[in-house]
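Okay, so here's the structure we're looking at.
The values are calculated or read from the model by the stated rules, or taken from the named source; none is laboratory data. As the structure is a prediction and not an experimental result, all values here were calculated from the model. With ideal geometry, Cβ positions are generated from the backbone for all residues, glycine too; neighbour counts draw on all protein chains shown. Accessible surface is based on the protein model in full, side chains and every heavy atom, while ligands, DNA and RNA are left aside. Shrake-Rupley method; radii C 1.70, N 1.55, O 1.52, S 1.80 Å.
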Amino acid sequence: MVIGSPCLRATARRLLANVSFLKSLSPQLHDALAAVAVCRRYGQGETIFLEGEPTAGMFIVEQGVVKISKLSTDGREYIMHLVEPGGTFNEVSALDGGPNPANATAFTDAVLWRVDRSDLQRLAKAHPDLAWALIEDLAGRARHLVGLLHDLAMRSVRGRLARLLLEEAQSQATAVVPRYLTQEEMAARLGTVREMVGRTLRSMAAEGIIEFDRHRIVILDPQRLAEEAEV
């Protein structure tokens, strides 16, 4: 792949212009970011970077899904986030210069753009609107993490699962949860085990809230599922 080809640079500009916290920036700044971004393809399951390694920079997802996760001392995985096209990750490390705070893995085949810390720092110093956009993005992520902590501390596995199903279906604008989420992956995102997720799904199906098989989950009663998510 020729990184500097015009079509790829045009793709990077379009991608950056549609990233939620970068949309309000000027086309000139989108061009400046695209000029320093580097593109790379990853196969499903390939490691993008590991927790504790020197900062790998900020990434933007063009295609595919990226898994952000941490491992416990006993090797158990907790999925913190699944980043879809138009999403970004690893901003914290890119901004503070510290090591990568989590592991990043290609959940599916993925095409990513990376902006190195030095380039991001230089552009943020020259363009205060970029610095402020990054600050607002970090604030939103901090708010999201507070919500995750609240869920783990205050909601049952059933409530957390109901919330996850609703969020995933809403992100796809459909009543069907994406097929790439297995029960094991759901458990890793909810801080529980696959057996508990399976039992809870079967219970919800028996009550007519959802319908599921090995390949998909269909939300039949979104109102009841929303009520479960609030418990």
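Relative to the longest principal axis of the Cα atoms of the chain, the long axis of helix 117-126 makes an angle of roughly 70 degrees.
Dipole size of the chain about its Cα centre, with +1 on Lys/Arg Cβ and -1 on Asp/Glu Cβ: approximately 240 debye, rounded to the nearest 20.
Averaging the sequence gap over all C-alpha pairs within less than 8 Å and six or more residues apart, then dividing by the number of residues, gives the chain a relative contact order of 18 percent.
Farthest towards the positive end of the charge dipole of the chain, among the residues HIS150, ALA35, TRP132, is the Cα of ALA35, using unit charges on the Cβ of Lys, Arg, Asp and Glu.
In the complete set of protein chains, residue-level accessible area for LYS70 is approximately 70 Å², probe 1.4 angstrom. Binning all Cα-Cα separations of the chain at 10 Å, short to long from zero, yields these whole-percent fractions: 7, 29, 32, 21, 9, 1. Mind checking the angle between helix 27-36 and the chain's longest principal axis? C-alpha axes, 0 to 90 degrees, to the nearest 10. Its long axis makes an angle of about 90 degrees. Once the Cα-Cα distance is subtracted from the 0.36 nm per residue extended length, the ARG141 to THR108 segment shows a gain of 9.6 nm. Computed per residue of the chain from DSSP H runs no shorter than four, each worth -39500 (n - 2.57), the mean residue ellipticity at 222 nm is -15000 deg cm²/dmol. The residues of region 148-216 present an accessible area of 55 Å² per residue when probed at 1.4 Å with all protein chains retained.
Label positions at THR47 and VAL218, each projected 7 Å from the Cα along the C-beta direction, are separated by 4.1 nm.
Once the Cβ-Cβ distance of ALA10 and SER203 is raised to the sixth power relative to R0 = 41 Å, the FRET efficiency obtained is 0.25. The fraction of accessible area contributed by carbon and sulfur in the chain is 55 percent, rounded to a whole number (1.4 Å probe; ligands and nucleic acids excluded). Using C-alpha pairs below 8 Å separated by at least 6 residues, the relative contact order for region 25-133 is 39 percent.
Compared with the dominant Cα axis of the chain, that is its longest principal axis, helix 6-17 is turned about 60°.
Among MET186, MET154, the order of accessible area from largest down is MET154, MET186, computed with a 1.4 Å probe on protein heavy atoms.
Taking θ as phi - 60° and the Karplus parameters 6.51, -1.76 and 1.60, the scalar couplings of region 76-87 work out to 7, 8, 10, 7, 7, 6, 10, 9, 9, x, x, x Hz in sequence order, x denoting glycine and proline. Each Lys and Arg contributes +1 and each Asp and Glu -1, all at the Cβ; summed about the Cα centre of region 78-137, the dipole is approximately 200 debye.
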